[in-house]
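Trainee: First the structure, which I've put down as structure tokens, then a few questions once you've had a look.
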Amino acid sequence: MKIYKILIIVLSMFVSINALPIFAYAETDYKTGEEKFDEYIASLPSEYANLILSDIELVKTMKQDSYWSNSEPNKITRNTYDSLPVPGYPNGSYYTHNGGPCSCHDDCDYNIGISNSRCYIENTNSLGNCKVYSGTGSMQCKGFADHIYYLYNDVNVSARYSVNVSSYTTIPHSESGINLVEEFFSSLPVGSNVRVKMRSTGGRHSIIISNKSSTGVTVYDANSDGETCIVKNRFLSWEDLAEKYSGIVSAWRGL
Ligand SMILES: [Zn+2]
Ligand SMILES: [Zn+2]
């Protein structure tokens with residue numbers, strides 16, 4: 001009986017010591033989003049790592065703790081939108097605060113602590129017309145794609161749904177490039193979110209696959225004009241895709 005009591009006392013001491021946050025912290029393998037991002041980048045071939053590192057919007061998303069979390073529940077049923085485009089953003093609409101075209105793109109930036117839903121115009125210290133999607137802290141094309149991904153799939157883009165695009169980071173401007181985009185886009189389900197490199201400018205763009213066929217995919221995006229945050233939903237053939245996009249930077253699978 002005495003030994004039993006001593007055991008209880010010793011055991012309770014052990015439990016209370018381990019319940020102290022500092023011990024709990026030391027014993028877990030907790031890493032911040034930034035640390036996990038750095039580890040991921042270090043694991044990639046340098047060319048692919050540089051492709052990601054040169055995309056500040058993507059880096060911003062990938063450094064969030066939530067991006068690396070596996071705590072989101074497994075999706076069981078689609079309960080928000082079951083088809084694309086979503087009702088609020090048909091072809092020809094605008095992904096903007098007031099529903100009209102933007103005229104702020106020369107001056108606007110991410111919000112600086114003022115609003116988590118609109119862009120920020122630094123020289124006038126005011127809010128602009130571009131919507132910011134707070135789920136990933138992105139605006140314009142990436143804000144739209146991340147927002148639509150969430151509405152359709154009920155989860156935010158995260159490492160868990162990330163697609164390995166290492167074979168598609170460079171799309172040659174040739175027949176082999178056409179075959180490569182066909183292989184890549186055919187492998188993804190509707191609702192997938194793809195970050196591409198534009199052949200014309202070298203800049204980055206985000207798109208959602210809203211439909212698929214044997215000859216191409218329907219691309220649903222915002223701000224393809226780079227100026228107004230206009231929403232478009234149009235079919236692009238394998239040839240069109242290889243013409244427009246010179247590489248795949250990142251992608252997240254539709255569910
Ligand atoms: Zn805009
Ligand atoms: Zn703006």
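Coordinate-derived values only; no laboratory data. The shown structure was predicted, so the numbers you read here are calculated from the model rather than taken from an experiment. Here the Cβ is made from the backbone with ideal geometry for all residues, glycine too, and neighbour counts use every protein chain on show.
Trainee: Give the residues of region 38-69 whose amide nitrogen is closer than 18 Å to a point set 7 Å from the Cα of Ile112 in the direction of its Cβ.
Mentor: Taking a point 7 Å out along Cα→Cβ of Ile112, the residues of region 38-69 whose backbone N falls under 18 Å are 57.
Trainee: Find out how many positive minus negative residues lie around Ser103, taking Lys and Arg as positive, Asp and Glu as negative, among other residues whose Cβ is under 13 Å from that of Ser103.
Mentor: -4
Trainee: For Lys31 and Glu239, FRET efficiency with R0 = 51 Å and r from the beta-carbon atoms, rounded to 0.05?
Mentor: The formula returns an efficiency of 0.75 here.
Trainee: Work out the FRET efficiency for Ile41 and Ser69 from their Cβ-Cβ distance, taking R0 = 25 Å, and round it to the nearest 0.05.
Mentor: Calculated transfer efficiency: 0.85.
Trainee: Enumerate the calculated ³J(HN,Hα) couplings along region 114-119 in order (Karplus 6.51 cos²θ - 1.76 cosθ + 1.60, θ = phi - 60°), each rounded to whole Hz, writing x wherever the residue is Gly or Pro.
Mentor: For region 114-119, the Karplus-derived couplings read 9, 9, 9, 10, 9, 6 Hz, x marking Gly and Pro.
Trainee: First select every other residue whose beta carbon is under 9 angstrom from the beta carbon of His205; then total the charges, Lys and Arg +1, Asp and Glu -1.
Mentor: +4
Trainee: Follow-up question, since we're still on this one. Residues with amide H under 5 Å of Ser158's amide H, sequence separation 5 or more or different chain, H placed in the peptide plane at 1.01 Å from N; which?
Mentor: When sequence neighbours closer than 5 places are left aside, there are no close amide H contacts.
Trainee: Also: Would you pull out the residues with amide H under 5 Å of Cys229's amide H, same chain only if 5 or more places away, H placed 1.01 Å from N?
Mentor: Cys102, Asn223
Trainee: A further question on this structure: Using 0.36 nm per residue, how much length does the chain from Arg160 to Ala49 gain when fully extended, once their Cα-Cα distance is taken away?
Mentor: Between Arg160 and Ala49, full extension yields 38.1 nm more.
Trainee: Is any residue of region 201-242 close enough, with backbone N under 16 Å, to a label point placed 7 angstrom from the Cα of Val190 along the Cα-Cβ axis, and if so, which?
Mentor: Backbone N within reach: 208-221, 233-236.
Trainee: Tell me which residues come under 5 Å, amide H to amide H, from Thr169 once H is placed; ignore anything under 5 positions away on its chain.
Mentor: Ile248
Trainee: With a cut-off of 8 Å between alpha carbons and a minimum separation of six or more residues, what is the relative contact order of region 41-252 in percent?
Mentor: With pairs under 8 Å counted, the relative contact order is 22 percent.
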